[in-house]
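Student: One structure follows; several queries about it will come next.
The values are calculated or read from the model by the stated rules, or taken from the named source; none is laboratory data. Quantities reported herein were computed from a predicted structural model and do not represent experimental measurements. Because the Cβ atoms are built from the backbone with ideal geometry, glycine has one as well, and the counts that use them run over all protein chains shown. Note: accessible area is taken over every heavy atom of the protein model, side chains too, but ligands, DNA and RNA are not part of it. Shrake-Rupley method; radii C 1.70, N 1.55, O 1.52, S 1.80 Å.
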Amino acid sequence: MSDNFDVVVIGGGPAGYVCAIRAAQLGLKAAVIEKRGSLGGTCLNVGCIPAKALLQSTHLYEMAAHEMADHGIKVTPKLDLDTMIDRKEAVVKQLTQGVEFLMKKNKVKYVVGEGKITAADQVTVTLNDGGEEVLQAENIVIATGSDVASLPFLEIDEKVMMSSTGAMEMRKVPKKLAVIGGGVIGLELGSVWNRLGSEVTVIEFLDQILPGMDGEIRKTAQRMLKKQGLKFKTGTKVTAAKKTKTTVTLSMEPAKGGDAEDEKFDACLVAIGRKPYTDNLGLSEVGVDMDERGFVKVDHDLQTNVAGIFAIGDVIGGMMLAHKAEEEGVAVAEMLAGQSGHVNYDVIPGVVYVHPEIASVGKTEEGLKEAGVDYKSGKFPFQANGRALANGDSEGFVKILSDAKTDRVLGAHIIGPQGGDLIQEVVQAMEFGGSAEDIARTCHGHPGLPEAVKEAALAVAKRAIHS
Ligand code: FAD
Ligand code: NAI
């Protein structure tokens, strides 16, 4: 049986399901194909959401164990890991079912199975329940996301050698946990298990964690996380791994050469990045170009080299973030409906949900120096923010960078309480082409953490009031 659609989206993650909803809102007949058996993609099922659920639970545990006493509340917490993991799964279920409801509400056809592009205007789905369904498509959108990258000698079994998925399902706290990769996943999930009592060692190939972020933030983050108990082996590469049923011994050596050492761990999380996922999609057969790393190549309109086939989200690379994927989903749907869909790649925030949160948007100081841009910088510490002190959560700072001549905001970097929420004010200002003075002259409620953003903006003009 074959059915005709204006848009057939392959992949029901943040890129795909959002694209399908927006297309339907604009009057297009849309279908979304997802093989996982649950919508929401990596993000809702095994990524953003479960990670944030565990980060929140373990933050509360950490507060009960170490911080509440300062507020005059004396408690001795007892960990019930099963409840914590079950709660995380319940949150995932609620959200993924919510997306399924949104498909019905928007009259998007949801096909449960694996989609393969069998012609430039046709997708054939191998249904999870058996059988096949052929969808005729005016336009096809590839939104198949990404998968864990690994090293040839690290065989992931999700028990001892884990990806992020396994590391969010452990029902026992490992005594010693190795984390290979000091990026976003390594630090978020490393924090989770560190808070629950694991001895966590982060092994990072580069000399510093969090590549790509502002240098000052990277240094501060490592210092703060070290204070929390995470151990760091930077400038170190893992060269071999020997597994038993319950342990793994990693061989490590300095990245620049030197003596090798072996260390035994109870579990290991591999978090060295993610790779595009295009397995069994039929891309070569229909002639869709991919780059040397396997990312689907697209033009300015997110269209591949094959007319009518578009690609969005992690599968095209760039920032592998859910909100970037969503923006691309909306942009493609709007273009297909004849509107001028657009993604402003210069203003996409990135947040690392460790404590305190690390958030970033726009250019780093290093990037501006390299590009020879004359800029001003304003910085404000949370130590001087009344709300942060009242909350007992005052580590970190806000830094705003603006153009030396025009004062237009070029970037902002925050490490501090609720940094992920605070960055949004600067994102908005940047989207409107705003200046540091625009933020500085905006009235902020007192006492509030956002006042630290205002003060950093004032500091750009060397006129912060409280520091
Ligand atoms: P995906 O979410 O990967 O969705 C693609 C979907 O396509 C998958 O469900 C897959 O099953 C399906 N699929 C693939 N091939 C086929 C096929 N042939 N037929 C049918 N279906 C198919 N990002 C953030 O912005 N914030 C965070 O806090 C954050 N936390 C993360 C934490 C972890 C542990 C991980 C792993 C990632 C995190 N990310 C976060 C990244 C975020 O999950 C991704 O950027 C986002 O999910 C990308 O969306 P997508 O729709 O492009 O791909
Ligand atoms: P990442 O790219 O953030 O970090 C990988 C780290 O591993 C880097 O520091 C890199 O230098 C290091 N590395 C690479 N090869 C190595 C090796 N052989 N040995 C030791 N270190 C090595 O990737 P990560 O953490 O796996 O996350 C994948 C994606 O998921 C990211 O693109 C990220 O954007 C997204 N994500 C986003 C989150 C958020 O927005 N809060 C949370 C988690 C993931």
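Student: Mind checking which residues of the range 350-363 are open to solvent by 20 Å² or more (accessible area, probe 1.4 Å) and either away from ligand 2 (no atom under 14 Å from the Cβ) or part of a loop (DSSP other than H, G, I, E, B) (or both)?
Tutor: 353, 355, 362, 363
Student: So, one more: Using the structure shown, decide if residue 436 is crowded, with 19+ Cβ neighbours inside 10 Å and of a type outside the set (Asp, Glu). I'd like the intermediate steps shown before the answer.
Tutor: On the way: crowded, with 19+ Cβ neighbours inside 10 Å: yes; of a type outside the set (Asp, Glu): yes.
So residue 436 fits the description; yes.
Student: Further, regarding this structure: From (1) modelled with pLDDT of 95 or more; (2) within 16 Å of ligand 2 (Cβ to nearest atom); (3) loosely packed, with under 15 Cβ neighbours inside 10 Å, pick out the condition that doesn't hold for residue 250.
Tutor: Result: residue 250 passes all but (3).
Student: Restricting attention to the range 420-433, which residues are open to solvent by less than 20 Å² (accessible area, probe 1.4 Å) and touching a His at 6+ places or on another chain (Cβ under 9 Å)?
Tutor: 423
Student: Only one of 329, 294 is over 30 Å from residue 399 (Cα atoms) and touching a helix residue (DSSP H, G or I) at 6+ places or on another chain (Cβ under 8 Å). Can you tell me which? Even if it seems obvious, please write down each step before you answer.
Tutor: Numbers: 294 fails: touching a helix residue (DSSP H, G or I) at 6+ places or on another chain (Cβ under 8 Å).
Testing whether each residue is over 30 Å from residue 399 (Cα atoms) and touching a helix residue (DSSP H, G or I) at 6+ places or on another chain (Cβ under 8 Å) leaves just 329.
Student: Looking only at the range 271-300, count every residue that is surrounded by 14 or more Cβ atoms within 10 Å (Cβ to Cβ) and of a type in the set (Ser, Thr, Tyr) and tell me the total.
Tutor: So the answer is 2.
Student: Within the range 310-333, which residues are within 13 Å of ligand 2 (Cβ to nearest atom), outside any helix (DSSP H, G or I) and touching a residue at least 60 places away in the same chain (Cβ under 8 Å)?
Tutor: 320
Student: Can you tell me how many residues within the range 364-381 are touching a helix residue (DSSP H, G or I) at 6+ places or on another chain (Cβ under 9 Å), closer than 26 Å to residue 187 by Cα and away from ligand 2 (no atom under 16 Å from the Cβ)?
Tutor: Summing the residues that are touching a helix residue (DSSP H, G or I) at 6+ places or on another chain (Cβ under 9 Å), closer than 26 Å to residue 187 by Cα and away from ligand 2 (no atom under 16 Å from the Cβ) in the range 364-381 gives 4.
Student: Quick one: in the range 364-380, which of the residues that are part of a loop (DSSP other than H, G, I, E, B) and without any contact (Cβ under 8 Å) to a residue 40 or more places away in the chain is surrounded by the fewest Cβ atoms within 10 Å (Cβ to Cβ)?
Tutor: Taking the range 364-380 as the starting set, the residues that turn out to be part of a loop (DSSP other than H, G, I, E, B) are 364, 371-374.
With without any contact (Cβ under 8 Å) to a residue 40 or more places away in the chain added as a condition, the list becomes 371-374.
Values: 371: 10, 372: 6, 373: 13, 374: 8.
In this case the residue turns out to be 372.
Student: Residues that are under 22 Å from residue 316 (Cβ atoms) and either within 11 Å of ligand 1 (Cβ to nearest atom) or open to solvent by 60 Å² or more (accessible area, probe 1.4 Å) (or both), at least 2 per element: which helices (runs of 4 or more DSSP H) completely within the range 1-115 meet that? So that I can check it myself, show each step before the final result.
Tutor: On the way: elements: 14-25, 41-46, 48-62, 81-105.
Fully inside the range 1-115 and qualifying: 14-25, 41-46.
Student: Of the residues in the range 210-235, how many are under 15 Å from residue 359 (Cα atoms), open to solvent by 30 Å² or more (accessible area, probe 1.4 Å) and not small (Gly, Ala, Ser)?
Tutor: Final tally of qualifying residues: 6.
Student: Further question: Considering each residue of the range 451-467, count those that are within 30 Å of residue 225 (Cβ to Cβ) and surrounded by fewer than 21 Cβ atoms within 10 Å (Cβ to Cβ), and give that number.
Tutor: Of the residues in the range 451-467, 3 are within 30 Å of residue 225 (Cβ to Cβ) and surrounded by fewer than 21 Cβ atoms within 10 Å (Cβ to Cβ).
Student: Looking only at the range 381-430, which residues are in a loop (DSSP other than H, G, I, E, B) and under 20 Å from the mean Cα position of the chain (by Cα)?
Tutor: Looking only at the range 381-430, we keep the residues that are in a loop (DSSP other than H, G, I, E, B), and these are 385, 392-396, 404-407, 417-418.
Those that are in a loop (DSSP other than H, G, I, E, B) and under 20 Å from the mean Cα position of the chain (by Cα): 417, 418.
Student: What is the residue count in the range 150-165 for residues that are within 16 Å of ligand 1 (Cβ to nearest atom) and either free of Cβ contacts under 8 Å to residues at least 60 places away in the same chain or exposed (fewer than 15 other Cβ atoms within 10 Å of the Cβ) (or both)?
Tutor: Selection size over the range 150-165: 1.
Student: Since residue 305 meets every condition but one in (1) under 30 Å from residue 181 (Cα atoms); (2) open to solvent by 60 Å² or more (accessible area, probe 1.4 Å), which condition does it not meet?
Tutor: (1)
Student: Next question, about the same structure. Kindly check whether there is at least one residue in the range 193-209 that is more than 30 Å from residue 310 (Cα to Cα), touching a Pro at 6+ places or on another chain (Cβ under 8 Å) and more than 16 Å from ligand 1 (Cβ to nearest atom).
Tutor: Residues of the range 193-209 more than 30 Å from residue 310 (Cα to Cα): 193-209.
If we keep only those that are touching a Pro at 6+ places or on another chain (Cβ under 8 Å) too, we end up with 193, 198.
From what's left, more than 16 Å from ligand 1 (Cβ to nearest atom): 198.
Yes, the range 193-209 contains at least one residue that is more than 30 Å from residue 310 (Cα to Cα), touching a Pro at 6+ places or on another chain (Cβ under 8 Å) and more than 16 Å from ligand 1 (Cβ to nearest atom).
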